[in-house]
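Contents: one structure, followed by commentary.
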Amino acid sequence: MGETQIRYDDGVAYERMMGAWSRAVGRIFIDWLAPSRGLRWIDVGCGTGAFTELVVERCAPVEVEGIDPSEAQLSFARARPLGQMARFQQGDALALPFSDESFDAAVMALVIFFIPDPAKSIDEMVRVVRPGGTVAAYVWDMTGGGHPLELMHAEMEAMGFTAPWPPRSDITGLQALRRLWIDAALNEIESREITVHRTFADFEDYWTTSTLAATVSQTIAAMAPIELKHLQTRMRGQLIADATGRITCSARVNAIRGSRPR
């Protein structure tokens, strides 16, 4: 099997699959950050705006900027009912288009493992927050089996298919994240695990939603019908439904925060 590049060019599909997972984590993450009201925020790698919307709804910000390289994702984000509070623009996490000390909080939700130089992206987040400002992120615990589609990836592997993981999955562990924050000379560094659950109406709901994910969709599209049927059978055998047919899945992120030295 050749290497498959993960592409995020369908905002609707991403929102249905990963946006719902991200918001579930994001609510707990924001409660953990316990931010003051009236802050200036930047959401680096905002995608469809799932986390950005939570900031607007729960944090009473005075300014929110969302940055992402995908115009398709940004188009979805701009269509959200965020009023005039959030602004979205195309940009690079390694060269944020803002001057020094422009924000009170810089956050990155489910993004850092896609960035080719994670350390530089953290340095950029530090640069654009004021002294004392917050730099925080959460990411699926890829090395610890926390991704929502860990089970499907395992079943694909058992069948001889290798669906792509994000390229920098190696930096998703708590120790690796803490090293990044320490190397960025941040203060008051704290980290934690966050586990969330999501219930699907039945196997069909699980399947049609989960196979929208970019990490598996291209591999599934390349399967022969008999291979696809076999994968579905294997997944049915792994997922436990309750008496009404509902299936509940769990996922886990590693979260980290720190503050820029004053």
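Since every read-out is calculated from the coordinates, none of them should be taken as a lab result. What you see is a predicted model, and the numbers here were worked out from it, not measured in a lab. Methodologically, a virtual Cβ is constructed for each residue, glycine included, from the backbone with ideal geometry; neighbour enumeration extends over all protein chains shown.
A few comments on the model shown:
- Taking a ≥ b ≥ c as the square roots of the eigenvalues of the Cα gyration tensor, region 46-105 is oblate, since a/c reaches 1.5 or more and a/b is not larger than b/c.
- Using R0 = 30 Å, the C-beta based FRET efficiency linking residue 120 and residue 248 works out to 0.20.
- For the chain, the antiparallel share of DSSP beta bridges with both residues in that region comes to about 50%.
- Scattering curve values for the chain, log₁₀ I(q)/I(0), Debye with Cα scatterers, q = 0.08, 0.11, 0.14, 0.17 Å⁻¹: -0.32, -0.60, -0.95, -1.34
- Ranked packing of 194-204, 138-148, most packed first, by mean Cβ within 10 Å: 138-148, 194-204
- DSSP beta bridge pairing in region 11-159, given as percent antiparallel to the nearest 5: 5 percent
- At least 18 Å along the helix axis (C-alpha) and Kyte average at least -0.5, DSSP helices within the chain: 20-33
- Mean residue ellipticity (222 nm) of the chain, computed from DSSP H runs ≥ 4 via -39,500 (n - 2.57), nearest 500: -10500 deg cm²/dmol
- When +1 charges are put on Lys and Arg Cβ atoms and -1 charges on Asp and Glu Cβ atoms, the dipole computed for region 21-73 relative to its Cα centre reaches about 260 debye.
- Ordered from longest to shortest, the equivalent ellipsoid semi-axes for region 45-153 are 22, 18, 14 Å, each the square root of 5 times a Cα gyration tensor eigenvalue.
- Potential lengthening between residue 192 and residue 154 on full extension [0.36 nm per residue; Cα-Cα distance subtracted]: 11.1 nm
- Placing +1 on each Lys and Arg Cβ and -1 on each Asp and Glu Cβ, with no other charges, gives region 19-127 a dipole about its Cα centre of roughly 400 debye.
- For peptides 102-108, 154-160, sequence by mean Cβ density within 10 Å, most packed first: 102-108, 154-160
- Binning all Cα-Cα separations of region 123-173 at 10 Å, short to long from zero, yields these whole-percent fractions: 21, 36, 23, 14, 6, 0.
- Ranked by the mean number of other Cβ atoms within 10 Å per residue, highest first, peptides 213-223, 230-240, 14-24, 87-97 order as 14-24, 213-223, 87-97, 230-240.
- Along the axis of the charge dipole computed for region 95-202 (Cβ charges of +1 for Lys and Arg, -1 for Asp and Glu, origin at the Cα centre), the listed residues 174, 161, 119 are led at the positive end by 119.
- For region 188-262, Kirkwood radius (reciprocal of mean inverse C-alpha pair distance, Å): 15.1 Å
- Across the options 247, 39, 129, the greatest Cα extent toward the positive end of the charge dipole of the chain (unit charges at beta carbon of Lys, Arg, Asp, Glu) belongs to 39.
- Dipole in debye (nearest 20) - the chain, about Cα centre, beta carbon charges: Lys, Arg +1; Asp, Glu -1: 500 debye
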